[in-house]
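The values are calculated or read from the model by the stated rules, or taken from the named source; none is laboratory data. Computed from a predicted structure; not experimentally measured. Here the Cβ is made from the backbone with ideal geometry for all residues, glycine too, and neighbour counts use every protein chain on show.
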Amino acid sequence: MIIESLLDTDLYKFSMMQVVLHQYPAAHVEYRFKCRTPGIDLVSCIDEIRTELAALCRLRFRTDELDYLRSWRFIKSDFVDFLGLFQLNEKYVELGPSSEAPGEIEIRIRGPWLHTIMFEVPLLAIINEVYFRRTSAGLDLGTGRRRLRDKIVLLRDTPDYAGCRIADYGTRRRHSRIWQEEVVTTLRDELGAQLAGTSNVWLARKLGLTPLGTLAHEYLQAHQALGPRLRDSQVAALEAWAREYRGDLGIALSDVYGLDAFLRDFDMYFCKLFDGTRHDSGDPFEWGEKVLAHYQANRVDPRNKVLVFSDGLDIPRVMQLYAHFRGRCLLAFGVGTNLTNDVGPMPLNIVIKMIRCNGQPVAKLSDSPGKNMCDDLAYVAYLRQVFEIPAAQG
């Protein structure tokens, strides 16, 4: 059994789910799976994925797990009570071979947002582990351990980088659950304070680390169908978040419509209210410079604000960004696949993205072309027009 606890997911699933319970309990959504890595045969994995999915849907939160969640300052008691009754349901998941591309699989998740939001992270972890178990059975993890050691030495022993801290963001694309636990345990023991924490709630609890995360793209995408007029959807999403957390969990995600569109909405009020912003697409240096200039233009001292970098990072990239921005703002780095799936075989680039909410198409048009998964081209064109996004973007 790959997933043994419903805590084996990323923190932002819980933080978003609480908002859904309190503000959008009737919302209906649809997600779709995509493997961006070409030439990967996942059809042979379908039966095993189904078996693991069935096991996932039998899990319930244990009393000690609920007590752990209840101890977080930003989690409300009624949400924990709801989780005590919560169970994932297979009826919301359609899984089968692709009718269009040999070797590829189709996964669609349809149902109430409140009851489907928890599928994404564990299901991606299942697909990864099933695939690598079948294609690299008996793999010697010595290569992964040597690579991990080199990363630790580089970050820990390079002069002037003691203040450079990283976090594990690698649950969705990990090689296996056991390997992720070994990686994060080793980072904890070897890096000490240079490990800020992990996005994985189960590992955070088990290893005594800080769970990290706020919100994901799906939250802002859903507001395209939940908020007022489309042009105001990004502002509505940020305001709904502020109503829920009253200044806590204050990292805003900046790339659902691209940085320029984000900054047009992220006015002085939001600059002062939110603790910082997260980068997840486009050139990180250009992004950081624009965000710092935006804070200054809004009379906010960027030295008190956090820039979170989380897009395809490795340790050398982290150190370059740290050297460039240190002293000018607070910095945080989330490293994913390069930590939890750097063991030899090529990692999979797989995602599960929201494509509809309440029957309407929703989309992400980020600063990295190719990340959008909306299948309604007319809607994408309209979204570009509304948010003044160049046609080449997204």
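When both residues are 6+ apart or on different chains and their Cβ atoms are under 6 Å apart, which pairs have a first residue that lies in the stretch 320-338 and is farther than 30 Å from residue 179 by Cβ, and a second that is basic (Lys, Arg) and part of a loop (DSSP other than H, G, I, E, B)?
Here the result reads 329/305, each pair linking the stretch 320-338 to a residue that is basic (Lys, Arg) and part of a loop (DSSP other than H, G, I, E, B).
Hey, among 343, 300, 308, which residue is at pLDDT 95 or above, in contact with a Ser or Thr (Cβ under 8 Å, 6 or more places away or on another chain) and farther than 23 Å from residue 122 by Cα? Give the steps one after another, and end with the answer.
Values: 343 fails: farther than 23 Å from residue 122 by Cα; 300 fails: in contact with a Ser or Thr (Cβ under 8 Å, 6 or more places away or on another chain).
The match here is 308.
How many residues does the stretch 21-41 hold that are crowded, with 22+ Cβ neighbours inside 10 Å and not aromatic (Phe, Trp, Tyr)?
1
Spot the failing condition for residue 303; the list is (1) surrounded by fewer than 21 Cβ atoms within 10 Å (Cβ to Cβ); (2) out of contact with any helix residue (DSSP H, G or I) (no Cβ under 8 Å at 6 or more places or on another chain); (3) within 30 Å of residue 27 (Cβ to Cβ), and only one is missed.
So the condition that residue 303 fails would be (3).
Given the criterion in contact with a strand residue (DSSP E or B) (Cβ under 6 Å, 6 or more places away or on another chain) and among the aliphatic types (A, V, I, L, M), identify the matching residue among 7, 95.
Numbers: 7 fails: in contact with a strand residue (DSSP E or B) (Cβ under 6 Å, 6 or more places away or on another chain).
Sole residue among the options that is in contact with a strand residue (DSSP E or B) (Cβ under 6 Å, 6 or more places away or on another chain) and among the aliphatic types (A, V, I, L, M): 95.
Please find, among 264, 278, 177, the residue that is modelled with pLDDT of 95 or more, of a type in the set (Lys, Arg), assigned by TED's automatic domain parsing to the domain that holds residue 329 and closer than 27 Å to residue 343 by Cα. Show your work before the answer.
Values: 264 fails: closer than 27 Å to residue 343 by Cα; 278 fails: closer than 27 Å to residue 343 by Cα.
None of the other options fit; the residue is 177.
Name the residues in the stretch 319-367 that are out of contact with any Pro (no Cβ under 7 Å at 6 or more places or on another chain), closer than 28 Å to residue 165 by Cα, buried (at least 18 other Cβ atoms within 10 Å of the Cβ) and not hydrophobic (A, V, I, L, M, F, W, C), would you?
322, 334, 336, 338, 340, 342, 347, 366, 367
From the list 288, 334, pick out the single residue that is part of a strand (DSSP E or B) and at pLDDT 95 or above. Reasoning before the result, please.
Values: 288 fails: part of a strand (DSSP E or B).
The unique qualifying residue is 334.
If you take the residues in the stretch 209-233 that are without any contact (Cβ under 8 Å) to a residue 60 or more places away in the chain and surrounded by fewer than 23 Cβ atoms within 10 Å (Cβ to Cβ), which one is nearest to residue 353 (Cα to Cα)?
Ranking the candidates gives 227 first.
Check the stretch 139-162 and report whether any residue there is outside the structural domain of residue 15 (by TED's automatic domain parsing), in contact with a Pro (Cβ under 9 Å, 6 or more places away or on another chain) and small (Gly, Ala, Ser).
no
Restricting attention to the stretch 329-349, report how many residues are closer than 16 Å to residue 136 by Cβ and not hydroxyl-bearing (Ser, Thr, Tyr).
Start the filter on the stretch 329-349 by keeping residues that are closer than 16 Å to residue 136 by Cβ, which leaves 337, 340-348.
So of that shortlist, the ones also not hydroxyl-bearing (Ser, Thr, Tyr) come out as 341-348.
Going through the stretch 329-349 one residue at a time, the tally reaches 8.
Which of the residues that make up the stretch 243-270 are assigned to a helix (DSSP H, G or I) and closer than 21 Å to residue 16 by Cα? Reasoning before the result, please.
Within the stretch 243-270, the subset assigned to a helix (DSSP H, G or I) is 243-245, 259-265, 268-270.
243, 244, 245, 262, 265, 270 - these are the residues of the stretch 243-270 that are assigned to a helix (DSSP H, G or I) and closer than 21 Å to residue 16 by Cα.
Provide a single number: the residues in the stretch 103-139 that are part of a loop (DSSP other than H, G, I, E, B), in contact (Cβ under 8 Å) with a residue 12 or more places away in the chain and farther than 20 Å from residue 12 by Cβ. Reasoning before the result, please.
Step one: list which residues in the stretch 103-139 are part of a loop (DSSP other than H, G, I, E, B), which gives 103-104, 117-119, 136-139.
Subset that is in contact (Cβ under 8 Å) with a residue 12 or more places away in the chain: 103-104, 117-119, 136, 139.
Applying the additional criterion that residues be farther than 20 Å from residue 12 by Cβ yields 103-104, 136, 139.
Of the residues in the stretch 103-139, 4 are part of a loop (DSSP other than H, G, I, E, B), in contact (Cβ under 8 Å) with a residue 12 or more places away in the chain and farther than 20 Å from residue 12 by Cβ.
Residue check: is residue 108 charged (D, E, K, R), under 22 Å from the mean Cα position of the chain (by Cα) and more than 28 Å from residue 353 (Cβ to Cβ)? Let's see the steps before the verdict.
On the way: charged (D, E, K, R): yes; under 22 Å from the mean Cα position of the chain (by Cα): yes; more than 28 Å from residue 353 (Cβ to Cβ): no.
So residue 108 does not fit the description; no.
Test residue 281 against the stated conditions and say whether it is closer than 24 Å to residue 151 by Cβ and surrounded by fewer than 22 Cβ atoms within 10 Å (Cβ to Cβ). Reasoning before the result, please.
Numbers: closer than 24 Å to residue 151 by Cβ: yes; surrounded by fewer than 22 Cβ atoms within 10 Å (Cβ to Cβ): no.
So residue 281 fails the test.
With the requirement that a residue be touching a Gly at 6+ places or on another chain (Cβ under 9 Å) and either assigned to a helix (DSSP H, G or I) or of a type outside the set (Gly, Ala, Ser) (or both), what does the stretch 36-61 give you?
Step one: filter the stretch 36-61 for residues touching a Gly at 6+ places or on another chain (Cβ under 9 Å), giving 36, 39-44, 46, 60-61.
Result: 36, 40, 41, 42, 43, 44, 46, 60, 61.
I'd like the full set of residues that are part of a helix (DSSP H, G or I) and of a type in the set (Lys, Arg), limited to the stretch 147-190.
From the stretch 147-190, those part of a helix (DSSP H, G or I) are 147-157, 177-190; that's our starting set.
Residues satisfying the conditions are 147, 149, 151, 156, 177, 188.
Please pick out the residue among 316, 390 that is surrounded by fewer than 21 Cβ atoms within 10 Å (Cβ to Cβ), modelled with pLDDT of 90 or more and not aromatic (Phe, Trp, Tyr).
Numbers: 390 fails: modelled with pLDDT of 90 or more.
The match here is 316.
Within the stretch 62-94, which residues are among the aromatic types (Phe, Trp, Tyr), over 28 Å from residue 50 (Cβ atoms) and assigned to a helix (DSSP H, G or I)? Talk me through it step by step, then tell me what you get.
If we filter the stretch 62-94 for residues that are among the aromatic types (Phe, Trp, Tyr), which is where we start, we get 68, 72, 74, 79, 82, 86, 92.
With over 28 Å from residue 50 (Cβ atoms) added as a condition, the list becomes 68, 72, 74, 79.
If the condition is that a residue be among the aromatic types (Phe, Trp, Tyr), over 28 Å from residue 50 (Cβ atoms) and assigned to a helix (DSSP H, G or I), then 68, 79 are the ones that fit.
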